[in-house]
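Note sheet for the following structure.
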Amino acid sequence: MEFWSGTAFMKTSEILGLARTFDEAGYDGMVCSDHMIYPRELASPYPDSPTGKPMWAPETAWPDCWVQIGAMAAVTKRLRFSNAVYIAPARPLLEVAKQVATASVLSDGRVSLAAGVGWMREEYELMGQDFSNRGKRLDEMIPALRALWRGGWVSWSGENYQVPEMMIEPHPVAPVPILCGGESEAALRRAARLCDGWVGYAYKWDDAVGYAQKLRSLLREYGREGEPFAIMLALLEPPSPDLYKRAGDAGITAVMCSPWMGMDLASGGGVERYKEPIERFAEDIIARVRT
């Protein structure tokens, strides 16, 4: 079982200090969440919201994922980095390829890309990307990225993307794992058919196990049973070594955790206020799960 933490809603200036603390405490990784903007006129409905509005305020900071990952990699030694999730089809293919490849090389291979289609039409339109076919484009973007990361003269010819023969450097020394986010049938099938894993949200126990079982079933359907496949999510249950051991037995390979749950994040005190709960969780939970 791997233990990761998110950076959403954290104070941007404190994220690097948190990365150092997680690295020193023995956690496995950190995930970055992604939004470009918050439009004054937001017409796109936020999923699972009774009002259709996001739960966060317009002024909430969403640091660029790959700038953030590059900075965190520079101040850590072993921590790995991914997304929860990166809205890849809202960007041009070559931009995604270049950013992720650069982060992989600078971090010595400590990154993966966790991509999803998102929900905000306004972001797509401001980036000049088509919102209506974003799922189909992500289906094509995944193998296209793998092709563009091979190194040497590379190209891609598909329905949505055309890349003439070119070199795009630096290229990753080893393949960059690609995970998929999203709970729809299409997203789960995309993960099982094309990806190295799936990143979910926060769930009660039965729902979390249900998603793990569904993904394992789809992997069998696509002839991928037995292949390495990551399943990362957060559990809305009281943390305990037994909980995470049972999660591992259920096929969940990584959990996103918030050791400071219940703390007043606006109370001040800088990064130091997180150190004690991070270290306590590592001692009381992580160390016992791994024994």
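The values are calculated or read from the model by the stated rules, or taken from the named source; none is laboratory data. All values derive from a computational prediction rather than experimental measurement. Don't worry about glycine lacking a Cβ; one is built from the backbone with ideal geometry, like all the others, and counts go over all protein chains shown. Accessible surface is based on the protein model in full, side chains and every heavy atom, while ligands, DNA and RNA are left aside. Shrake-Rupley method; radii C 1.70, N 1.55, O 1.52, S 1.80 Å.
Overall, the anisotropy analysis places segment 46-152 in the oblate class: the square-rooted eigenvalues a ≥ b ≥ c of its C-alpha gyration tensor yield a/c not less than 1.5, with a/b not exceeding b/c.
Comparing Cα centroids, segment 83-124 and segment 161-190 end up 9 angstrom apart.
A Förster distance of 22 Å, applied to the separation of the beta-carbon atoms of W119 and E185, puts the FRET efficiency at 0.85. The residues of segment 21-133 have, on average, 44 Å² of accessible surface per residue, using a 1.4 Å probe with all protein chains present.
Divided by 2.2 N^0.38 Å, where N counts the residues, the Cα radius of gyration of the chain comes to 0.99. For the chain, set up a GNM with springs between Cα atoms under 10 Å and report which of T21, T76, T60 has the largest fluctuation. Top of the fluctuation ranking is T60.
Under a straight-distance cross-link criterion of Cα-Cα below 25 Å, which lysines are reachable from K11, leaving out those fewer than 8 residues away in the same chain? Those lysines meeting the cut-off are K53, K77, K275. Over the chain, Cα pairs under 8 Å with separation of 6+ residues give a relative contact order of 18 percent. To put it simply, the accessible area of the chain at a 1.4 Å probe is 53 percent carbon and sulfur. Taking all protein chains into account, the per residue accessible area for segment 139-198 stands at 47 Å² (1.4 Å probe). Residues whose amide H falls under 5 Å from that of R80, counting only those 5 or more places apart or on a different chain, are G29, M30, with hydrogens built in the peptide plane.
Sparsely packed loop sites in segment 51-114 (the trypsin sites (Lys or Arg not before Pro) outside DSSP H, G, I, E and B with at most 11 other Cβ atoms within 10 Å) comprise K77.
Put simply, when 133-139, 241-247 are sorted by average Cβ atoms within 10 angstrom per residue, most first, you get 133-139, 241-247. Ranked by the mean number of other Cβ atoms within 10 Å of their residues, highest first, the peptides 11-19, 227-235, 158-166 come out as 227-235, 11-19, 158-166. Straightening the chain between E272 and R220 buys 14.1 nm, computed as 0.36 nm per residue apart minus the Cα-Cα spacing.
Of the chymotrypsin sites (Phe, Trp or Tyr not before Pro) found in segment 96-158, the ones in coil according to DSSP and having at most 13 other Cβ atoms within 10 Å of their Cβ are W153. Considering helices alone, the calculated mean residue ellipticity of the chain at 222 nm is -10500 deg cm²/dmol, with DSSP H runs of length four and up weighted by -39500 (n - 2.57) and normalised per residue. Candidate cross-link partners of K204 among the aspartates and glutamates, defined by an alpha-carbon separation under 17 Å and a same-chain spacing of 8 or more, comprise D48, E183, E237, D242, D249.
Listed by chain and number, the lysines whose alpha-carbon sits under 25 Å from that of K136, ignoring those within fewer than 8 places in the same chain, are K98, K214.
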